[in-house]
Structures are given as structure tokens and as C-alpha cells.
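Trainee: Right, I'll just put the structure down here and ask away after.
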Amino acid sequence: MAKSNILARTGNEAMAEAMRQINPDVVAAYPITPATEIVQIFAGYVADGLVDTEFVPVESEHSAMSACIGASAAGGRAMTGTSSQGLALMAEMLYVASGLRLPIVLADVNRALSSPINIHCDHSDTMMVKEAGWIQIFSENAQEAYDNMVQAIKIAETAKVPVIVTTDGFIISHGMERIEILDDSVVKSFVGPYKPENYLLNFDKIITVGALDLPDYYFEHRRQAAEAMRTAGAIIMDVASGYQKISGRSYGLLEKYKLDDADCAIVAMGSTAGTAKVAIDNLRAKGLKVGLLKPRVFRPFPKSEISDALKNIKAIAVMDRSDSMNGQEGPVCLEVKAALYDKSLNKPVLDYIYGLGGREIRLDEIENIYNDLFEAIKGKSKDKITYLGVRE
Amino acid sequence: MANLKELSKQKELFTGGHRGCAGCGAVMVARQVLMAAGPNTVVASATGCLEVISTIFPFTSWNVPFVHSAFENAGATISGVEALYKSWVRQGKYDKKLNFIAFGGDGGTYDIGLQSLSGAMERGHNILYVCYNNEAYMNTGVQRSGATPKGADTTTAPVGKVKKGKEQYRKDLTAIMIAHGIPYAAQSIAGNWRDLTSKVEKALSIEGPKFINVFQPCRLGWSFEPELTCEMGRLAADTCVWPLFEVVDGQYKITYKPKVKKPVSEWVKLQGRFRNMLKPENKALLDDLQNFTDRQWEALLKKEAASIPQA
């Protein structure tokens with residue numbers, strides 16, 4: 001393992017640090033709370049000549065993604081960062097980027113969507129673009145944010161699928177933590193040079209990018225993009241294994257915490273997974289067999305890994321930090337249920353929609369969820385969908 | 001500057017076989033712009049007629065690198081390409097001298113793409129943005145845009161029993177671009193190859209953001225005979241409906257002054273979109289277009305008179 005540097009960093013600082021070490025050719029970005037700091041810090045690196053990056057301070061997030069698309073299609077490494085309304089404004093271009101198979105990496109600091117306007121954390125923004133053809137990797141803390149960013153660029157370029165790495169707004173983005181940073185040279189050699197197959201600035205092979213596909217070709221191209229997403233899971237695992245060698249930190253599509261012998265499990269993504277781990281330790285101390293499943297990768301959805309991990313659990317609670325406003329469960333719960341159905345696993349699955357607009361999630365609330373699960377095992381009926389911590 | 005014979009012997013950078021209408025002015029603009037720019041050029045295009053007719057997969061008319069991503073963002077897309085180029089040159093990874101040109105129709109430039117264009121111009125990218133301005137959304141079937149002249153019949157501002165076509169004057173986008181303080185802005189027409197190619201050459205010789213608003217007669221949307229495209233462009237210049245001028249570092253120069261300024265009716269009467277304007281009871285509309293045209297032309301003459309003459 002290479003020598004590491006131990007630093008105190010916020011999630012935003014950690015992501016900016018990863019971007020400095022990746023040293024992308026182009027960063028195009030627009031300010032939005034709580035992601036602003038990432039590109040603001042990065043602009044400082046540009047101003048100090050610490051990176052080779054051309055920084056494009058665009059006039060909107062739509063243009064941020066458009067400029068990243070231009071830069072990536074031209075043959076370069078392009079990155080950006082945003083949140084919430086910014087991601088929503090980019091949405092059109094996210095589909096274009098993935099359809100063109102451009103390996104752009106986006107740091108998204110999860111924040112609620114308007115309306116009402118709110119600047120605090122929930123996962124509505126990332127969930128809004130879950131069908132945009134981007135790999136989605138959630139971070140539990142600043143360390144993971146850093147590690148995920150470094151891995152993301154390699155994942156994107158190998159899979160030819162763009163990647164969103166998320167942190168939770170303010171909770172991770174502005175929370176100071178102890179993190180370990182790799183040496184610049186270690187990241188540089190891990191990431192390696194980007195060698196695009198086809199690119200605009202290659203005049204030896206002139207190409208047209210973004211052609212009009214009619215019914216005779218569109219379907220095949222979408223099929224290829226779908227297949228790239230389907231096979232990205234193996235690439236993510238390969239990259240994680242390489243990263244483990246340089247960092248000593250191991251990553252998978254999901255993380256299990258005290259899950260294997262558990263009776264009841266919570267499925268949670270992002271910073272809440274960290275809170276759940278403490279709740280689990282508290283309950284385990286009381287002799288309760290409880291565990292956590294933390295999907296790290298939400299796209300591609302690790303369907304069989306999730307159903308395998310949950311197959312012996314007697315009751316499951318999914319914590320959804322967004323609501324699909326669809327008259328049924330939140331987005332994560334629906335997909336977990338679909339995964340279980342495929343393996344013919346019929347067991348109680350409760351959905352907890354929580355934390356919208358930055359509403360605090362407390363340890364006791366998570367411990368109560370486990371109580372609900374033990375009741376559910378006993379066959380006591382429980383609401384399938386609970387809005388946790390809301391005044392009704 | 002190359003003469004017509006020399007231009008005609010160049011390798012075609014925008015080839016035939018595209019799906020443009022007979023008499024399409026947009027393809028004429030693209031071809032002539034590339035003739036002037038040469039092969040070391042990267043093109044970005046907004047969604048619109050030009051992109052749709054020239055890139056139907058697996059075919060392309062573009063013998064230069066070409067990128068299209070969406071409708072409202074040609075300015076931002078070409079910014080990204082140019083930024084990558086600058087980064088590579090600075091890193092010593094690339095040494096070829098390149099031109100960066102974006103094309104957008106008036107819909108993609110005056111309206112939905114204005115923000116992206118304004119941002120690109122303000123940031124000072126070394127790009128040339130060419131608006132092929134046919135005064136309406138032609139690709140989607142002749143809807144009114146910010147460039148459509150008052151009194152024209154379009155499908156979203158149609159002539160009806162109580163309405164008389166578009167009720168607003170066209171927006172002066174060239175003035176908006178000039179107000180950005182860019183080093184080069186110009187108006188040209190499809191139908192005067194010398195004017196267009198010389199302006200493109202001049203623009204590309206200047207470092208920084210450049211804009212050319214090319215008036216492009218559209219036989220479908222304006223409803224005239226396809227062989228008249230060039231004539232319609234020249235008539236726009238002869239009537240001063242579309243003056244040809246350039247602004248270099250804020251100094252105006254009119255590049256074509258008609259010996260005899262023709263009445264706008266000469267141009268109007270050849271177009272189906274102005275049919276209603278030609279009815280005797282709508283004379284006020286025609287007069288209004290003439291007055292609008294005269295006011296703009298007089299204002300332009302004053303700006304030129306107040307400018308430092310170019311070398």
C-alpha cells in the first residue's frame with residue numbers, strides 16, 4: 001500500500017482534492033448550494049497553476065454539461081459538479097452524454113428539488129435522473145466521496161458510461177472528517193492517461209458526433225448503451241479491486257454491515273448508512289440480530305447481489321430519502337422489491353420515506369424501524385409505507 | 001481571398017447527398033463558410049434544419065469533425081471543444097491550428113440558444129458562431145421566432161380572420177452580439193458568396209469570439225420558387241431589409257450599399273408569407289415594414305459615420 005496522507009477535509013474539499021489529482025482537461029461548472037465549493041476550490045487550483053485544466057465558468061448548468069459534452073467528444077477528460085436544480089437543468093444533457101457514450105464524471109451533492117425551494121439534503125435530484133444512463137455511486141462520508149471520485153473516472157472511461165458520484169448535501173459536503181488521501185503520483189498512475197477511441201480533434205479519422213438516428217438505427221444504439229450499463233457492474237468491481245491495492249480500502253457494489261446473521265435489515269444509501277451502523281451497534285449490544293445493506297452503486301442496480309444479500313433476512317426496511325410521488329413506494333424500495341421478486345423471496349418489506357429537505361434522521365428513529373421489523377416478523381401488520389419524522 | 005474558380009476546385013467539406021430542400025439556403029451557407037474556413041475546422045451545430053438534413057445516420061455531409069448535442073446549446077458545446085483544445089495546446093499535447101465554428105438557425109440562436117450563445121461570447125472563446133437566419137422555425141414547420149418580421153404569416157402567428165400574422169418586430173440579435181463587445185460581428189446573406197466567404201475569412205483571422213448573422217432565404221417557409229434563393233438574399237440587401245455590414249472592435253463598416261435602394265415591396269411580393277401584407281386593406285403593414293427598414297438603415301448609416309474607418 002502506498003503512503004497516505006491523513007487530512008481533515010469536508011466532503012466538498014475531498015471531492016475537489018480528487019479532481020485536482022485526476023487533473024482533467026476541462027471542468028465546466030456553475031455555482032449551486034451546496035456543491036459550489038467543489039468547483040470553487042477547483043477554480044483556485046486552476047488559478048494557482050496546480051492543474052492543466054481549462055476551467056469554463058459557464059452561465060448555467062445546462063451549458064456546464066453541454067461544454068463537458070463538447071470537451072469529452074473532442075477527446076478530453078471532462079468533469080463538473082452540481083446539485084438539485086442544477087442537476088434538473090442538466091437533465092436533458094445527461095441523456096445526451098450517456099447516449100453519446102461520453103465518460104464524463106459529475107460530482108452531485110444531493111439536495112432537495114423545488115418546490116418548495118430548499119437547499120438541504122435529500123436524494124430527489126439524483127433519483128430524478130436515475131434513468132439518464134449514468135452510473136450512480138453514493139458516498140457515505142467524505143472518505144468515500146474521495147475514493148469514489150478517483151475510481152469514477154476509471155470506471156467511466158472503461159465502460160464508456162458517464163458517472164455521477166454523490167454525497168449528501170451539508171451532512172457530508174460541509175462536514176469535516178478525517179480522511180486519507182493518496183499521493184498525487186499514485187492517483188495519476190492509477191487513473192492513467194485517457195485514450196479515447198474516436199474523438200473530434202483526431203483529424204486522421206474525421207467523425208460526426210450526435211447524428212440523427214431514425215427508426216432504422218436508434219434502437220440498436222440504445223440497446224448498446226443499455227448493455228454497457230448492464231456490464232458496468234463488473235467494471236466497477238475491477239476498478240475497486242485495483243483501488244484496494246493502492247489504498248487498502250475495499251469497495252463493492254454494496255456494503256453489508258453485520259448482515260449475514262441478521263434477522264432484520266435496513267437498506268439505506270448515503271450518510272444515513274453511517275447513522276444506521278451506530279444504531280445497529282447499539283441494538284447488537286442488546287442482543288438483537290440486526291444489520292444493514294448499503295447499496296453503494298444504485299446504477300447499474302445490483303439486483304442479484306441485493307437479493308442474495310437479503311435472502312436470509314426475515315424482514316426488511318428500505319429507507320428512501322426521496323419520494324417518487326407515484327402513489328406507491330419510494331424509488332429504492334420499489335427496486336429492492338423487484339430484486340426480491342426475481343428470487344421468489346416473499347418477506348415483509350417496509351418503506352420509510354425520510355429526511356426530505358434535510359429533515360434530521362435520528363438514531364432512535366432508526367432503532368424504532370428495527371422494532372417495527374421485529375413486529376413484522378411476528379406477523380403484526382404495519383403500514384407498508386411510513387413517512388418518518390414528518391408532522392401529520 | 002480565393003476567387004470563385006479557386007473555391008470551386010477545393011475539396012468539398014460539406015458534401016451533397018444531404019436531405020435539404022431544392023433551393024435550400026442553409027446548405028449554401030454551410031458549404032461557403034467551410035470553403036472559407038478550410039479543412040482544419042471543427043463544427044458544432046444546434047438542432048435544426050442544417051443538422052437534421054446533413055447527419056442522418058449512417059451518413060454525414062460533414063468532411064470536417066462535427067458535433068451536435070442539442071438545440072439550445074451550440075454556443076456551450078463549441079465552448080467545450082475549444083476549451084479542450086486550449087488545454088491540450090497548453091499541455092503540449094496538440095499543435096494543429098484549428099478553427100471552431102458553431103452553426104445555429106434563428107430559433108436555436110435568437111430564442112432558445114441565446115443564453116448559451118451569450119455566455120460563450122462573454123467568456124471570450126476563440127469561436128465563430130454563424131446564425132443561418134431564415135426568420136422562423138423551419139425544421140418544425142414554419143413557426144414564428146424572435147427573428148420573424150412583423151406581418152409575416154407563420155403557423156404559430158398565422159394570418160387569420162382577426163390576426164394579421166406576427167405582431168412584433170424582429171429582434172436585433174446582431175446588435176445584442178455587438179453589445180457583448182466582441183472583436184468581430186457581421187451580417188451577411190446567402191446569395192453573395194464573396195461577401196460571406198470574405199467575412200468568414202476575416203472573422204477567423206481574429207482571435208476571440210466572432211458572430212456572423214447570415215440572412216438565409218427559405219423557399220419552404222417564405223414560400224417562393226426554389227431557383228430564387230440567391231435572388232431573394234440579394235434583394236434583401238438591395239432593399240436594406242438585411243443590410244450587409246461588419247463591426248470590428250466596435251467600428252461599423254457597411255460592406256454593401258445599394259446604388260438604388262429598392263422598395264421592400266420588391267422583396268415582399270415574391271413571398272407567400274407576406275401575401276396578406278400585399279392586400280390593399282393591409283397597406284399600413286407594408287408601410288410599417290418599409291418604415292422599420294428605413295429607420296434601421298438610417299441608424300446604421302449614422303453608426304458607420306460615427307466609426308473610425310477601417311484600413
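Nothing in this text is a laboratory measurement; each read-out follows from the coordinates by a stated rule. No experiment lies behind these values; they were computed from the predicted model shown. Don't worry about glycine lacking a Cβ; one is built from the backbone with ideal geometry, like all the others, and counts go over all protein chains shown.
Trainee: Under a point-charge model restricted to the Cβ atoms of Lys and Arg (+1) and Asp and Glu (-1), what is the dipole moment magnitude of segment A:254-388 relative to its Cα centre, in debye to the nearest 20? It would help to have the intermediate numbers written out before the result.
Mentor: Values: 22 positive and 20 negative charges, 54 e Å.
Here segment A:254-388 has a charge dipole of around 260 debye.
Trainee: Taking the Cα atoms of segment B:51-144, report the difference between the largest and smallest coordinate on each principal axis, in whole Å and largest first.
Mentor: Ordered largest first, segment B:51-144 gives principal extents of 47, 34, 16 Å.
Trainee: Once you sort the root eigenvalues of the Cα gyration tensor of segment A:1-48 as a ≥ b ≥ c, which label holds: rounded (a/c under 1.5), prolate (a/b larger than b/c) or oblate (the other case)?
Mentor: Working: a/c = 2.37, a/b = 1.46, b/c = 1.62.
It is oblate, given that a/c is not under 1.5 and a/b is not larger than b/c.
Trainee: Something else: Roughly what % of DSSP beta bridges within chain A run antiparallel, to the nearest 5? Walk me through the numbers on the way to the answer.
Mentor: Numbers: 12 of 49 bridges.
Antiparallel bridges: around 25 percent, rounded to the nearest 5.
Trainee: Separate question: Inside 10 Å of the C-beta atoms of A:89-96, what's the mean count of C-beta atoms belonging to other chains?
Mentor: Numbers: counts 0, 0, 0, 5, 6, 0, 1, 5.
Across A:89-96, the average partner-chain Cβ count within 10 Å equals 2.
Trainee: Also, I was wondering about something else. With the Cα gyration tensor of segment A:207-276 giving a ≥ b ≥ c as the square roots of its eigenvalues, does the rule (a/c under 1.5 for rounded; else a/b larger than b/c for prolate; else oblate) give rounded, prolate or oblate?
Mentor: Numbers: a/c = 3.32, a/b = 2.07, b/c = 1.60.
Prolate, because a/c is 1.5 or more and a/b exceeds b/c.
Trainee: Related question: Sequence neighbours fewer than 8 away in the same chain don't count; with that in mind, list the aspartates and glutamates whose C-alpha is under 14 Å from residue A:205.
Mentor: Residue A:205 reaches A:197.
Trainee: How are the Cα pair distances of segment B:78-210 distributed, in percent, across 10 Å bins from 0?
Mentor: 12, 36, 30, 16, 5, 1, 0
Trainee: Separate question: Give me D for chain A in µm² s⁻¹, whole number, from Stokes-Einstein with Rh from the Kirkwood sum over alpha-carbon pairs, 37 °C and 0.692 mPa s. Walk me through the intermediate numbers first.
Mentor: Values: Rh = 21.4 Å.
Once the numbers are plugged in, D ends up at 154 µm²/s.
Trainee: Which number do you get for Rg(Cα) / (2.2 N^0.38 Å) in segment B:4-305? Present the calculation step by step, with values, prior to reporting the outcome.
Mentor: Details: Rg = 18.7 Å, N = 302, 2.2 N^0.38 = 19.3 Å.
So the Cα radius of gyration is 0.97 times the expected 2.2 N^0.38 Å.
Trainee: Among A:242-254, A:209-221, how do they line up by average Cβ neighbours within 10 Å per residue, starting with the highest? Show your work: numbers first, answer last.
Mentor: On the way: A:242-254: 16.9, A:209-221: 14.8.
Descending packing order for the listed peptides: A:242-254, A:209-221.
Trainee: Out of residues 5 or more away from residue A:299 or on other chains, whose amide H comes under 5 Å of its own, with H placed 1.01 Å from N in the peptide plane?
Mentor: A:136
Trainee: Using Cα atoms only, what is the angle between the long axis of helix A:61-74 and the major principal axis of chain A, expressed in degrees (0 to 90) to the nearest 10?
Mentor: 60
Trainee: Which of B:18, B:180, B:68, A:174 comes first, and how do the rest follow, when ranked by fewest Cβ neighbours within 10 Å?
Mentor: On the way: B:18 21, B:180 15, B:68 29, A:174 18.
Fewest-to-most Cβ neighbours within 10 Å comes out as B:180, A:174, B:18, B:68.
Trainee: If you count, for every residue in B:56-64, the Cβ atoms of partner chains within 10 Å of its Cβ, what is the mean? Working shown, then result.
Mentor: Working: counts 6, 11, 5, 3, 6, 1, 5, 2, 4.
The mean count of partner-chain Cβ atoms within 10 Å per residue comes to 5.
Trainee: Considering all alpha-carbon pairs of segment A:1-154, what whole percent are spaced by more than 24 angstrom? Provide the component values of the computation, followed by the final result.
Mentor: Numbers: 3055 of 11781 pairs.
Of all Cα-Cα pairs in segment A:1-154, 26 percent lie more than 24 Å apart.
Trainee: Here's another thing I want to ask about it. Using only the Cα atoms of the protein assembly as shown, construct the convex hull and provide its projected area averaged over every direction, in square nanometres to one decimal.
Mentor: Computed as one quarter of the Cα hull surface, the answer is 35.1 nm².
Trainee: Name the most mobile residue of B:194, B:295, B:273, meaning the one with the largest mean-square fluctuation, in a Gaussian network model of chain B with Cα contacts below 10 Å.
Mentor: B:295
Trainee: Right, another one. How would you order A:199-207, B:53-61, A:149-157 from highest to lowest mean count of nearby Cβ atoms within 10 Å? If you can, show how the numbers build up before the last one.
Mentor: Values: A:199-207: 15.4, B:53-61: 19.1, A:149-157: 25.7.
Highest mean packing first, the order is A:149-157, B:53-61, A:199-207.
Trainee: Please compare each pair in B:5/B:257; B:96/B:171; B:11/B:257 to a cut-off of 28 Å on the Cα-Cα distance and tell me which ones are over it.
Mentor: Details: B:5/B:257 26 Å; B:96/B:171 38 Å; B:11/B:257 33 Å.
Beyond 28 Å: B:96/B:171; B:11/B:257.
Trainee: Here is a follow-up. Output the relative contact order of chain B, whole-number percent, from Cα pairs under 8 angstrom with separation of 6+ residues. Let's see the in-between values first.
Mentor: Numbers: 622 pairs, mean separation 48.2, N = 311.
Relative contact order here is 15 percent.
Trainee: Under a crude label model (7 Å from the Cα following the beta-carbon direction), how far is residue A:222 from residue B:231 in nanometres?
Mentor: 4.6
Trainee: Still on this model: How long, wide and thick is segment A:254-388, going by the Cα atoms along their three principal axes, in whole angstroms, largest first?
Mentor: 36, 34, 30
Trainee: Take each of the peptides A:14-22, B:114-122, B:210-218, average the number of other beta-carbon atoms within 10 Å over its residues, and list them starting from the highest.
Mentor: Details: A:14-22: 25.7, B:114-122: 23.3, B:210-218: 28.2.
Packing proxy ranking, top to bottom: B:210-218, A:14-22, B:114-122.
Trainee: What ³J(HN,Hα) values, in whole Hz, does the Karplus curve 6.51 cos²θ - 1.76 cosθ + 1.60 give for segment B:18-32 when θ = phi - 60°, with x put for Gly and Pro?
Mentor: Listing the rounded values in order: 6, 9, x, 4, 4, x, 5, x, 5, 5, 4, 4, 4, 5, 6 Hz.
Trainee: Pairs of Cα atoms under 8 Å, at least six residues apart: use those to get the relative contact order of chain A, whole percent.
Mentor: For chain A, the relative contact order is 16 percent.
Trainee: Another question, if that's okay. Percent relative contact order of segment A:254-388, based on C-alpha pairs within less than 8 angstrom and at least six residues apart?
Mentor: Numbers: 228 pairs, mean separation 36.6, N = 135.
Averaging sequence separation for qualifying contacts and normalising by length gives 27 percent for segment A:254-388.
Trainee: Show the residues, 5+ positions off or on another chain, whose built amide H is closer than 5 Å to the amide H of residue A:350.
Mentor: Close amide H contacts, sequence-distant or interchain: A:316, A:317, A:318.
Trainee: If amide hydrogens are placed 1.01 Å from N in the peptide plane, which non-local residues have theirs closer than 5 Å to the one on residue B:67?
Mentor: Amide H to amide H, under 5 Å and 5 or more residues apart or across chains, residue B:67 pairs with A:209, B:43, B:44, B:45.
Trainee: Okay, next question. How large is ³J(HN,Hα) for each residue in segment A:78-87, as worked out from phi by the Karplus curve 6.51 cos²θ - 1.76 cosθ + 1.60 (θ = phi - 60°), to whole Hz, x for Gly and Pro?
Mentor: So the J values, rounded to whole Hz, are 10, 9, 8, x, 6, 7, 6, 4, x, 5.
Trainee: Using a 10 angstrom cutoff on alpha carbons, build the Gaussian network for chain A and name the most mobile of A:64, A:225, A:112.
Mentor: Among A:64, A:225, A:112, the largest GNM mean-square fluctuation belongs to A:225.
Trainee: Using the alpha carbon gyration tensor of segment B:213-311, what are the three equivalent-ellipsoid semi-axes (square root of 5 times each eigenvalue), largest first, in whole Å?
Mentor: Working: eigenvalues 150, 54, 19 Å².
Sorted largest first and rounded, they come to 27, 16, 10 Å.
Trainee: Could I ask something else about it? Can you work out the Karplus-derived ³J(HN,Hα) for every residue in segment B:261-272? Use 6.51 cos²θ - 1.76 cosθ + 1.60 with θ = phi - 60°, whole Hz, and x for glycine or proline.
Mentor: Those phi angles translate into 6, 6, x, 4, 4, 4, 7, 5, 5, 8, 10, x Hz.
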